[in-house]
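Input: a single structure, listed below in structure tokens.
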Amino acid sequence: MKPQTEIVTSNSQELTNTTLVADLRSIIEQGKRQAYAALNASMITTYWNVGKRIVEEEQHGEARAEYGKQLLVMLAKELRVDYGDNFSERNLRYYRQFYLYFNDLEIWNSRVPNLTWTHFRHLLRVDDEKVRLWYMNEASTQLWSTRELERNINTQYYHRLLANQKDKSEEVVDVNAEVSQEDKQLEFVKNPVVAEYLGLKPNRDFVESDLEDAIIKHIEKFLMELGKGYALVDRQMHIPTEKNDYYIDLVFYNYILQCFVLVDLKTEKITYEDVGQMGMYRKMFDQKYRPEGHNPTFGIILCADTDEDIARYSELNQNDHMFQAKYMLYMPSKEQLKLEIEREKEIYRLQCENPNKLTNHD
């Protein structure tokens, strides 16, 4: 049997070795990240400067589209020999567009240093400069992966924000600007909610528990779809009263808005009863569970279809803490999604109208 002191020394040495290995792993991983970041920044700078030089040559050359095309063909033929497919005609066209869309080098060099060339490739698909810069800022501040950015562009994230549906403003609020509490709230509700990742077939019958289970299974993607700052608090949250027991499908907390968000799931078109139920849930939750100093609770009725009359004549009307939102279980085409966004904009406009407002007639 080994002496006790020898066992203690052996265990101490193993612990030291484990700590040393962990420290070295951390140093190596940090070095790899720094090297990758430096390489990425250098690569983006190179592509930007290539695009700049091509544009300068075009401006000094013949003012014809044919000249620009021939120029890219010639450059690709020469550069691919030494530098490979990164300088193909197609990629040279991207670099040229990159410079034209982001001609202020400081925009990405100082404000969005964590974006990769693949991020910028996706951003080049966005024609509207205001929308493009919004996506760029969001991708950087929210640390979107390239796949998340691509999906958000494909699903018209920007245009689905309710802040874009307000009558008084057609612009989504700049995330870096000082905004009112109302504007900030509206920036966190998208409509419709595109949820093709849930795996539920739109032409198959399923119950609310199936929808809830699918959301929980894909909670990370669902939180991303909801917007910024959401965290799941509970599912089927029990709220007892003196006479009855109530259950809220999903309860979230938004740490940016500093409020709870209740989500009631409906597999059919919204009804007046659904609105009344959500109104009751909000009041009960605020009275029983809302901590002092936190903002009033939000209520979202996530349903298979929304309704114009309910937006205008139910408790939803003139209520900036309750919303109806439609979920889509498939990825629609760009044209279909645009039509659906316009429809939801109109429904939200009706929710903001005062149906009791008298119209004066001469």
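The values are calculated or read from the model by the stated rules, or taken from the named source; none is laboratory data. Here the structure is a predicted model, which is why all the values come from computation and not from measurement. FYI the Cβ positions are ideal-geometry reconstructions off the backbone, even for glycines, and counts take in every protein chain you see. Protein only, heavy atoms only, side chains kept; ligands, DNA and RNA dropped before computing areas. Shrake-Rupley method; radii C 1.70, N 1.55, O 1.52, S 1.80 Å.
Whole angstrom only: what separates the Cα centroid of segment 322-339 from the Cα centroid of segment 303-318?
Answer, in whole Å: 16.
Share of segment 271-314's accessible area from carbon and sulfur, percent, 1.4 Å?
C and S atoms contribute 45 percent here.
Would you mind checking which residues have amide H under 5 Å from V193's amide H? H placed 1.01 Å from N; only 5 or more apart, or other chain.
Long-range HN contacts for V193: K326, Y327, M328.
Please sort by residue number the chymotrypsin sites (Phe, Trp or Tyr not before Pro) in segment 250-347 whose DSSP state is loop and whose Cβ has at most 11 other Cβ atoms within 10 Å.
Y255
How much length, in nm to one decimal, is gained on full extension between E208 and E106, taken as 0.36 nm per residue of separation minus their Cα-Cα distance?
Extending this stretch completely gives an extra 31.8 nm.
With a 1.4 Å probe and every protein chain left in place, work out the accessible area per residue of segment 197-353 in Å², rounded to a whole number.
Per residue, segment 197-353 has 50 Å² of solvent-accessible surface.
Which percent of the accessible heavy-atom area of segment 221-270 goes to carbon and sulfur, probe 1.4 angstrom?
Heavy-atom surface of segment 221-270 belonging to carbon and sulfur, 1.4 Å probe: 49 percent.
Given the pairs K269/K345; K69/K130; K217/K269; K201/K345; K217/K266; K32/K217, which span a C-alpha to C-alpha distance of over 22 angstrom in this model?
Over 22 Å apart, Cα to Cα: K69/K130; K217/K269; K201/K345; K32/K217.
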